[in-house]
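Okay, structure first, notes after.
The values are calculated or read from the model by the stated rules, or taken from the named source; none is laboratory data. Note that the structure is a prediction, hence the values are computed from the model and not measured. We place every Cβ from the backbone using ideal geometry, glycine too, and count neighbours over all the protein chains shown.
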Amino acid sequence: MGSGSALAPAAGGPASLAARLAGRARRLTAGWNIETRMGVVIVGVLILISLLAPLISPARPDTISILDALKGPSLAHPFGTDYVGRDVLSRTLYGARIDLLVVFTVTYIGLIVGGLAGMLAGYFGGWVDSLVGRAADSAIAFPFIILVLVVITITGSGLRGIGIGIILVGWALYARLARSEMLSLREEQFMIATRSLGYSHWRSIFRHALPNVIRSSLIYSTVDILVNLLVIAAMSYLGFGAQEPSPDLGGLIASGQPYLLNAWWITTLPGIFVVLFGFGISLIGDGLSHGDVSVGIR
């Protein structure tokens, strides 16, 4: 008869994985101050309701009902309807799904590309540093709005062109930040020890330098997310974002402007969503910058 140990869960099984993830989550949140926790709750709730838009929206965002046009908040339409009778709450939630997906994607693509380029430039120096530095300077020197408009001219109106334009500039800021961190970090004793022990450059960079370099970039990304959301909303407000009938926050705010005096709800709800998201992101960034927070990367 086999021993009882045969009934124990395998070391690499689901229970072990869940325990490791739970432990890492506890370490990640252990240093969070009250500002960070409040910000995470606010942003988390907004992201959650956006993801659940198909389940909680009162109607489809593109359903037109002329007879219900410009009706105020009611049980059927908790946040009223727009000028063609579409439900404002539904369009806000669906528009937020699109905008938040784009804003997080472009922000963290820029962080990954720029952070990697900056770390390589700071670690190796020489021609690598010069190449990354000139490319970053060129990206930052080019007028941002003009660059976005040029990309939109090539790709056509829509969030794709705005996102590409943001990435073409945004990576450079992360590259500069990561480079400055790496320049000071590579002279630290533990980094000198990795070279003395014969570790490969890639192990030194990604195993030992990355956890220390990434914190400042993650903190800056909280500001960048907010700026990028405002840029996307502003460009959509001007008519360069998602085109009708697809909803997005900037377009919703713009569409309600002519009716602001007698149908204030069309503009107000999308505006409140942007303000709350910005407030939550600001709390997270402020908490991370002032608190003793570990990013949890090992």
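Listed values, structure above:
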item: Candidates Ser130, Ser157, Ser200, filtered to the one that is modelled with pLDDT under 90, of a type in the set (Gly, Ala, Ser) and farther than 25 Å from Gly239 by Cα; result: Ser200
item: Options Glu181, Glu187: the member that is outside any helix (DSSP H, G or I) and either charged (D, E, K, R) or touching a helix residue (DSSP H, G or I) at 6+ places or on another chain (Cβ under 6 Å) (or both); result: Glu187
item: Any chance Leu28 is surrounded by 12 or more Cβ atoms within 10 Å (Cβ to Cβ), modelled with pLDDT of 70 or more and not hydroxyl-bearing (Ser, Thr, Tyr); result: no
item: Answer from Gly133, Gly115 - the residue that is more than 27 Å from Ala242 (Cα to Cα), within 17 Å of the chain's Cα centre (by Cα) and either among the polar types (S, T, N, Q) or assigned to a helix (DSSP H, G or I) (or both); result: Gly115
item: Selected residue [under 26 Å from Gly85 (Cβ atoms), out of contact with any Pro (no Cβ under 6 Å at 6 or more places or on another chain) and modelled with pLDDT under 85] from Pro258, Pro245, Pro270; result: Pro245
item: Scan of region 189-215 for residues that are surrounded by 12 or more Cβ atoms within 10 Å (Cβ to Cβ) and hydroxyl-bearing (Ser, Thr, Tyr), ordered by number; result: Thr194, Tyr199, Ser204
item: Which listed residue, of Tyr94, Tyr83, is of a type in the set (Phe, Trp, Tyr), part of a helix (DSSP H, G or I) and in contact (Cβ under 8 Å) with a residue 60 or more places away in the chain; result: Tyr94
item: Where a residue in region 62-76 is free of Cβ contacts under 8 Å to residues at least 12 places away in the same chain and its partner, wherever it lies, is surrounded by 15 or more Cβ atoms within 10 Å (Cβ to Cβ), with Cβ under 8 Å and at least six apart; result: Ser74/Gly80
item: Which listed residue is over 24 Å from Tyr108 (Cα atoms), crowded, with 17+ Cβ neighbours inside 10 Å and not polar (S, T, N, Q), from Arg186, Arg176; result: Arg186
item: Of all residues making up region 196-237, the number that are assigned to a loop (DSSP other than H, G, I, E, B) and in contact (Cβ under 8 Å) with a residue 12 or more places away in the chain; result: 0
item: Among the candidates Ile192, Ile152, Ile166, residue that is free of Cβ contacts under 8 Å to residues at least 60 places away in the same chain and in a helix (DSSP H, G or I); result: Ile192
item: Residue among Ser138, Ser184 that alone is closer than 24 Å to Thr222 by Cβ and of a type in the set (S, T, N, Q); result: Ser184
item: Residue check for Leu70: in a loop (DSSP other than H, G, I, E, B) and either surrounded by 15 or more Cβ atoms within 10 Å (Cβ to Cβ) or touching a Phe, Trp or Tyr at 6+ places or on another chain (Cβ under 6 Å) (or both); result: yes
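Listed here are the residues, each with its yes/no results for (1) modelled with pLDDT of 90 or more; (2) in contact with a strand residue (DSSP E or B) (Cβ under 8 Å, 6 or more places away or on another chain).
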| site | (1), (2) |
| --- | --- |
| Trp32 | no, no |
| Met38 | yes, no |
| Val41 | yes, no |
| Leu46 | yes, no |
| Leu52 | yes, no |
| Thr63 | no, yes |
| Asp68 | no, yes |
| Lys71 | yes, yes |
| Phe79 | no, yes |
